[in-house]
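Structure record follows, encoded as structure tokens.
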Amino acid sequence: MEFLLASAVGVMTAAGIFLILRRRTFPVILGLSLVTYAVNAFLFATGRLALNAPAVLNKYEDVAYTDPLPQALVLTAIVISFGMTAVIVMIALSAYLSARNDRIDLPVSEEAGEER
């Protein structure tokens, strides 16, 4: 189980970094989302991977429990990343509408509105 989660976090991080290095805005936004999902999965795994374990200690039973703090951190991070993604999409959309191009690294001649 740990190997599967570690592999998933590694693949999501690698794919996210690959997409962040693209020259278009949409893949960059997808890459940021993938890196966010990888960090959330990593944070969730720090709370212990246990099946059917309660999130609260029970003083009458001696069972393993999962830590609720990483779960709360992940829920908060999901809400924040959703808001951040919405803001980034709006900024990218306004940049596309003003420049009529979604490339990130425009040369100076194309930024001034001149077409080649």
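The values are calculated or read from the model by the stated rules, or taken from the named source; none is laboratory data. Please read these numbers as outputs of a predicted model, since none were measured by experiment. FYI the Cβ positions are ideal-geometry reconstructions off the backbone, even for glycines, and counts take in every protein chain you see.
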*Scanning for something closer than 16 Å to Ala72 by Cα and modelled with pLDDT of 90 or more, does segment 10-28 turn up at least one residue?*
no
*Which residue pairs have Cβ atoms closer than 8 Å, lie 6 or more positions apart in sequence or on different chains, and pair a first residue in segment 30-46 that is more than 12 Å from Ala6 (Cα to Cα) and among the small types (Gly, Ala, Ser) with a second residue that is crowded, with 19+ Cβ neighbours inside 10 Å and modelled with pLDDT of 90 or more?*
Gly31/Gly16; Gly31/Leu19; Ser33/Gly16
*From Ile80, Ile88, which residue is at pLDDT 85 or above, out of contact with any strand residue (DSSP E or B) (no Cβ under 8 Å at 6 or more places or on another chain) and farther than 17 Å from Pro27 by Cβ?*
Ile80
_Meets criteria (modelled with pLDDT under 85, on the phi > 0 side of the Ramachandran plot and not aliphatic (A, V, I, L, M)) for Arg116_ = no
*Go through (1) modelled with pLDDT under 85; (2) hydrophobic (A, V, I, L, M, F, W, C); (3) under 25 Å from Met1 (Cβ atoms) one by one and return the number of the condition Val74 breaks.*
(1)
